[in-house]
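Notes follow the structure.
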Amino acid sequence: MVRLDSKVPEGNIAEKWTNHKFNMKLVNPANKRKFSVIVVGSGLAGASAAATLAELGYKVKVITYHDSPRRAHSIAAQGGINAAKNYQNDGDSVYRLFYDTVKGGDFRAREANVHRLAEVSNNIIDQCVAQGVPFARDYGGLLDNRSFGGAQVSRTFYARGQTGQQLLLGAYSALSRQIGKGAVESLTRREMLDVVVVDGVASGVVVRNMITGEIERHSAHAVVLATGGYSNVFFLSTNAMMCNTTSIWRAHRKGAFFGNPCFTQIHPTCLPLHGENQSKLTLMSESLRNDGRIWVSSKVADMRNPNDIPENERDYYLERKYPSFGNLSPRDISSRSAKEVVDEGRGARGTESVYLDFSDSIKRLGKNVIEERYGNLFEIYETITGENPYSVPMRIYPAPHYTMGGLWVDYNLMSSVPGLFVLGEANFSDHGANRLGASALMQGLADGYFVIPYTIGNYFAGEKPALIGTDHAEYNNTVSEVQDRIKQLLSIKGGKTVDEFHKKLGRIMWNKVGMARNKKGLEEGIGEIRELRSEFYKDVNVVGSGEGVNQCLERAGRVIDYLELGELMAVDALAREESCGAHFREEYQTEEGEALRNDEEFAFVSAWEFKEDGKWDLHKENLKYEYVKFATRSYK
Amino acid sequence: MSWFFRSLDSSIGKKILMALTGLFLILFLMIHLAGNLALFKNDGGLAFNNYSSTLRSLPVIPILEIGLGLGFLLHIIQGVRLWWLNRSARSEKYKINTPSKGSSIFSRTMVYTGSITFIFLVIHLRSYWYTVITEGHEVDLFNLVKTSFQDPVYSGFYIVAMALLGFHLNHGFQSAFQTFGWNHVKYFPFIQKAGTLYAILMAVGFASMPVYFLLGGQ
Amino acid sequence: MSEHKLNLKLMIWKQSGPDVKGKFQEYKVSVSPDSSFLEILDDLNDSLERSNKEPVTFESDCREGICGTCGLVINGLPHGPLSRIATCQLHMRHFKDGDTVYVEPFRANTFPVIKDLMVDRSALDRIMHAGGFISINTGGVPDANEIPIPKEISSFAFDAAACIGCGACVAACKNSSAMLFVSAKVSQFALLPQGQPERYQRVEKMIKVMDEEGFGACSNTYACEAECPKGISVKNIARLNREYIKAKVKSHNLD
């Protein structure tokens, strides 16, 4: 059995990273150009890593399936990025950010990682400002902050509602500079289909050129995966259309352990579904909950116009169940409650949505004040739904948004396959069972700018500069595996489309492996996913050939990997017999319906080792909390 | 080529040359119109002929004429070049063309209004400037103008050309300022209005001459 | 939410490769007015795949109007008839039952068609590689609050930085000019103190590559601003011109 070594350095939490940086071996500057790195993904983590590694002198290739690195989905993050700058003099500190993040993650994150994240958070802001990122400023010309996600300090830096865009464009500009210099080779419109492992060490990747269809081989001394999360396993999520799990899933099948796959975050305020052909969900700022009241009809299948439903027939369920927090109850509670009432058949006009009503606030504060606060959000809402939220209550519904789970990595961000590093949302590392608002951007950039550049050097210092060529037998094997898989997909020629399978999988995941899970549902879910997977192999129709552009083939490859990952998510959720953070097992709740954590038995990271289709071994990385003491939240 | 000509030949450089020559021609048109207002003096052409012969006798005029000719030439050649280069940046055209709400008809038709202005210029030069050059100072320019404008076909073409020149100037005026980078939130609306006013003044001013003679002036 | 359906005739540009002649192909669809434009293309593709016919190739990713991947010319207008949105934010309720809708790719020699409605916009990236950055390495930078930047200047810089790089400005311009795109980046850095050290060489380098790539020149028709999903102002083009003139006058670069 493989021993799971987190490689967390010894010493006081505040000194671990500093000491580790000193103790790590360095690569001689002249030797750096002899080492090459492949970075897959060009979002915040990937672009920042690729740019920084190239600045240090390593030879870098960056691979993305987009036409340009700037399109990565980090671009869509709205809210902001946390940092412990304490510019507002409100008592923030590295330690407080660390503390809040561990607590927010419901005690399922690794303390040392989180502390390092909080430490480098300040460097990130400095770096981004130096790149020309136009963060919000106050009249005096200094940076502005806002509070976010229930934090009691104002530590969130933001750039209007487009913080992710501005940060990504900053990283993209740093990357562009290195591409222009020839230090980074940019390989766009290529999808990674497998990692090549030679003698247990990651040696390169196999990618499909999405224009020519050619299967290409790329080798390097290390492979860095920064390919984002897997919320699209639900089909409908706030993720972009192309977001997928293929790169990390294929790495998982090649030996990289998958950490906490069942930890998925559902965002409570997204735009509602309009029909069967809905392609994705759009996030609306959570700030709307400050002045909106959430309700549904107390009757099942009430098709009346919401304005015609009298007050006494309305159920303000959050205010009813959680009187002290009401409409501002935490994300998971508010998401779960919405699904409950919809499952009871009480959704707005029979649809999958609940009302978010501003009429009381408009009465109390006047339309002007509401317009001032939420004008642009109301406009977005109206553009998309065609309904005017000033006169008709908004409709909202929860949507999968972020996956805390991902490939297991040690303190150096290296997976269980030596030479394979995983950054950003693609790894499991820093958020535990629940991610706080404005922390995703922070983690992506921390990993890319300030962690991997050090830890990869330490790895290289112990390696020989000789590079395994792409003519090695293992490359031939991997390429033929990939080609066989493509051939297989193209040859099924069944009667159903790829999207039909994806939507079916999404339904199973949403209902059985979604916000509220139970043993029975999870077991059923596993069975249904397996059945769907075998049906896929019998009845899917992938149109066209493997040559040239074939978006249908691209989607098919992603969906089949989701069909495998979905099962592991259910397996993980079944094994974790407790409720924590975003993982809510109905069997494990307090009398008030609160999540009931089991720190005695489940204070560990589940790291799953792939054995064969539908079979995994569980490894446990026990989590010790030496600084932040176990505590239970209450929102009653 | 030196850095100077290379810079002028860049996409922005070409535009700057258009704007510079354009503004020069804009200035010329104002002076030209002001002088020609002498046509309206009800003295049988005395004032106008005096004005024209005085101009002719000034030694600086032939030099200015060369400058003016160069200005026109550069503006025209550069305009045609830009049109050709810009056009060939899209070999396969759109099948459906819907004008964007934000762009004016004047801006999209510069090459056409410019071309017609060029044809006008050739005819205009042939009618007057060439006659003066070839026949010397004794020509009764006023009578020449009066006779030609009494021809409704000639006058009609003249009036249409002036309207199109107005369109050309309407965009050209503010466009030159934009090209120089003088687009400020406070002053640009004024420049745009001034441009339109200038264009109307020029078009109406020049067109009023054939109209005057057509209607039996003097 | 509407129950009724719109019956539309879609005329979609089909072209199997960059050097092949393309043509419009007619598709009849019945759609919900609540769907987005791209969702009806998804639907169309789903039904084509079901009958084993080749789907229409088009690109999109975030579907929130921020990634800049999507870009269709709908009835002659980049990103469709509404202003200030990307194609993915266009909904069918803006069409009428019985409409014929023409869908073309962004057209410019600098944006060669790859397949159907998918074009290659990498020329924009190459302009960025030439100078769309501030030359600093990771680490060793001053504290973020070291340099105060007036709120207004920061806000102008943001307005320019909001560009999503979709290329609609090029597609809308009768000259296929990329001036709005380039001016947005040049403006962002020209306005901010961080951009000053490379201010002049940046604009020189970016314009040089822009010209080499074969984009047209600007005719100040301002169609780019009108079609830009983020409403990037042509004032940025004025600033770009100004920066370029200053650079050419001041720099020591003899190229």
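The values are calculated or read from the model by the stated rules, or taken from the named source; none is laboratory data. Predicted model, so just to flag it, every value in this text is computed and none were measured. For neighbour counting, all protein chains shown are included, and Cβ atoms are generated from backbone atoms with ideal geometry for every residue, glycine included. The area values use the complete protein model at the heavy-atom level, side chains included, leaving out ligands, DNA and RNA. Shrake-Rupley method; radii C 1.70, N 1.55, O 1.52, S 1.80 Å.
Given the criterion part of a helix (DSSP H, G or I) and within 12 Å of another protein chain (Cβ to nearest Cβ), identify the matching residue among A:ALA54, A:ALA45, A:ALA30. Can you show your working first?
Details: A:ALA45 fails: within 12 Å of another protein chain (Cβ to nearest Cβ); A:ALA30 fails: within 12 Å of another protein chain (Cβ to nearest Cβ).
A:ALA54 is the lone residue from the list that is part of a helix (DSSP H, G or I) and within 12 Å of another protein chain (Cβ to nearest Cβ).
Would you check if there is a residue in segment A:528-541 being outside any helix (DSSP H, G or I), of a type in the set (A, V, I, L, M, F, W, C) and open to solvent by less than 10 Å² (accessible area, probe 1.4 Å)? Spell out how you get there, then give the answer.
If we filter segment A:528-541 for residues that are outside any helix (DSSP H, G or I), which is where we start, we get A:540-541.
Now drop any that are not of a type in the set (A, V, I, L, M, F, W, C), which leaves A:540.
Then keep just the ones that are open to solvent by less than 10 Å² (accessible area, probe 1.4 Å); that gives A:540.
Yes, that holds for at least one residue.
State all residues of segment C:105-141 that are closer than 17 Å to A:ALA171 by Cβ and of a type in the set (Val, Ile, Thr); if no residue qualifies, say none.
C:ILE134, C:ILE136, C:THR138, C:VAL141
Looking at segment C:115-123, can you tell me whether even one residue there is more than 24 Å from B:ARG90 (Cα to Cα) and in a loop (DSSP other than H, G, I, E, B)?
No, the conditions are met nowhere in segment C:115-123.
Does C:LYS205 satisfy the criteria of being assigned to a helix (DSSP H, G or I), more than 11 Å from chain B (Cβ to nearest Cβ) and more than 19 Å from B:ARG87 (Cβ to Cβ)?
So C:LYS205 passes the test.
Take the residues of segment A:600-621 that are surrounded by fewer than 17 Cβ atoms within 10 Å (Cβ to Cβ) and in contact with a Phe, Trp or Tyr (Cβ under 8 Å, 6 or more places away or on another chain): which is nearest to A:LYS103 (Cα to Cα)?
Within segment A:600-621, the match that is nearest to A:LYS103 (Cα to Cα) is A:LYS620.
Can you tell me which residue within segment A:177-191, out of those that are more than 18 Å from A:VAL40 (Cβ to Cβ) and at the interface with chain C (Cβ under 9 Å from one of its Cβ atoms), is surrounded by the fewest Cβ atoms within 10 Å (Cβ to Cβ)?
Applying the filter and picking the extreme gives A:LYS181.
Among the candidates C:ALA157, C:ALA171, C:ALA162, C:ALA178, single out the residue that is farther than 28 Å from B:PRO99 by Cα, open to solvent by less than 20 Å² (accessible area, probe 1.4 Å) and more than 8 Å from chain B (Cβ to nearest Cβ). Can you show your working first?
Working: C:ALA171 fails: farther than 28 Å from B:PRO99 by Cα; C:ALA162 fails: farther than 28 Å from B:PRO99 by Cα; C:ALA178 fails: farther than 28 Å from B:PRO99 by Cα.
Matching residue, one of C:ALA157, C:ALA171, C:ALA162, C:ALA178: C:ALA157.
Tell me whether segment B:2-12 contains one or more residues that are closer than 30 Å to B:LEU55 by Cα, open to solvent by 70 Å² or more (accessible area, probe 1.4 Å) and not polar (S, T, N, Q).
No, the conditions are met nowhere in segment B:2-12.
Looking only at residues in segment C:45-61 that are open to solvent by 10 Å² or more (accessible area, probe 1.4 Å) and farther than 13 Å from A:CYS552 by Cα, which one is nearest to the other protein chains (Cβ to nearest Cβ)?
C:SER60
Taking the options B:ARG108, B:ARG126, name whichever one is among the charged types (D, E, K, R) and surrounded by 15 or more Cβ atoms within 10 Å (Cβ to Cβ).
Just one listed residue meets the conditions, B:ARG108.
Being more than 26 Å from the chain's Cα centre (by Cα) and either on the phi < 0 side of the Ramachandran plot or outside any helix (DSSP H, G or I) (or both) is the filter here; which residues of segment A:344-355 pass it?
Residues satisfying the conditions are A:GLU344, A:GLY345, A:ARG346, A:GLY347, A:ALA348, A:THR351, A:TYR355.
When C:TYR102 is evaluated against the numbered criteria (1) of a type outside the set (A, V, I, L, M, F, W, C); (2) outside any strand (DSSP E or B); (3) at the interface with chain B (Cβ under 10 Å from one of its Cβ atoms), which criterion, by number, is the only one it fails?
(2)
Tell me the helices (runs of 4 or more DSSP H) entirely within segment B:76-189 that contain at least 1 residues that are at pLDDT below 95 and either more than 28 Å from B:LYS15 (Cβ to Cβ) or away from chain C (no Cβ under 14 Å) (or both). Give the derivation first.
Details: elements: B:105-108, B:110-124, B:130-135, B:141-150, B:152-180.
So the answer is B:130-135, B:141-150.
Please specify each residue of segment A:127-149 satisfying the condition of being more than 7 Å from chain C (Cβ to nearest Cβ) and open to solvent by 40 Å² or more (accessible area, probe 1.4 Å).
Result: A:ARG146, A:SER147, A:PHE148, A:GLY149.
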